[in-house]
Amino acid sequence: MTSFMLTYSNMKFSYCQHRHDAPDPKAPALEIKGLGVSYASEEKLALKDFDISVPAGSAMALVGPNGAGKSTLFKAICGLLPVRTGNIRVFGHPLGACHHRVVYLPQRSEIDWHFPISVLDLVVMGRYVYLGWFNRPQKRDIDIARHALKEMNVLDLADRQISKLSGGQQQRVLIARALSQNADLLLLDEPLNAVDVSTRQTVAEVLHKIKAQGKTVIVATHYYDQEEGRYDKAIYLKDGKKISGADHKEDPTHKDCDCT
């Protein structure tokens, strides 16, 4: 992937009036203080008094059951949910500028897999943060997308409609889309949930490569017990609040999933 890495520093893009500033080399990849987040239709905070500091180049697990606030946190970091209290800084910069340095991989269930689009076209969408929505991808963008598919061992599926993919293939393609953005901070929501052994191994190898490149990875998971060796640190969430590891219990439904 290194041959496809791009550097965008102090540049403006046609679709964005903010500058793409270089990261502060002394700042954490992600720093959050006193964060409170709620959904538009709800007054109750879905995430409360949340603090975290994630060093650049590290891998962190965000552990907790469904409804703990993991996806809510990721969406707030990406600017998809309003911050009610506190603040978020990414590589030393506040939210509100272009988010080219952050890529969010949602859970597979949030994607419309019946949308009539090919695998390659879906992965190329990871380049739109640089292109804007009304500029056509160039050859270099296509090459980057194809390389990302190759990294995930699904280049042979490039022309297939996404509606024809299996669950494991879907996950690989989504990760390829995230890789094609070439972001510095990757937020992955349950990337290893209910996938086959081969996909789990491929994802683990790619995440190891990403970290070796100095990028920062935060992975939301239910099942830290089988993934512990992959991370530098774990943060535990329950009911929208950070808790200690001693207060956390693994989801007992883990024994029934097909991810071992």
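The values are calculated or read from the model by the stated rules, or taken from the named source; none is laboratory data. Since the model is a prediction, treat every value here as computed from it, not as a measurement. So basically every Cβ, Gly included, is an ideal-geometry build from the backbone, and we count neighbours across all protein chains shown.
Numerical summary
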| quantity | calculated |
| --- | --- |
| Per-region count, segment 28-43, residues of a type in the set (A, V, I, L, M) and under 9 Å from R89 (Cα atoms) | 3 |
| Residue pairs meeting the criteria (Cβ under 6 Å; at least 6 apart or on separate chains; first over 22 Å from V197 (Cβ atoms), in segment 159-180; second part of a loop (DSSP other than H, G, I, E, B)) | I162/W113; I162/I117; S163/W113; S163/H114 |
| Qualifying residue in segment 54-66 (condition: at positive phi and modelled with pLDDT under 90) | no |
| Residue count for segment 47-82, restricted to those that are in a strand (DSSP E or B) and among the charged types (D, E, K, R) | 3 |
| Tabulated pairs, segment 36-54, first in contact (Cβ under 8 Å) with a residue 40 or more places away in the chain, second part of a loop (DSSP other than H, G, I, E, B) and surrounded by fewer than 17 Cβ atoms within 10 Å (Cβ to Cβ), C-beta under 7 angstrom, 6+ apart or interchain | S38/K44; A46/Y39 |
| Among residues of segment 194-223, those that are touching a strand residue (DSSP E or B) at 6+ places or on another chain (Cβ under 9 Å) and in a loop (DSSP other than H, G, I, E, B), counted | 3 |
| Qualifying positions in segment 128-156 - closer than 20 Å to A204 by Cα, touching a residue at least 60 places away in the same chain (Cβ under 8 Å) and over 18 Å from the mean Cα position of the chain (by Cα) | H147 |
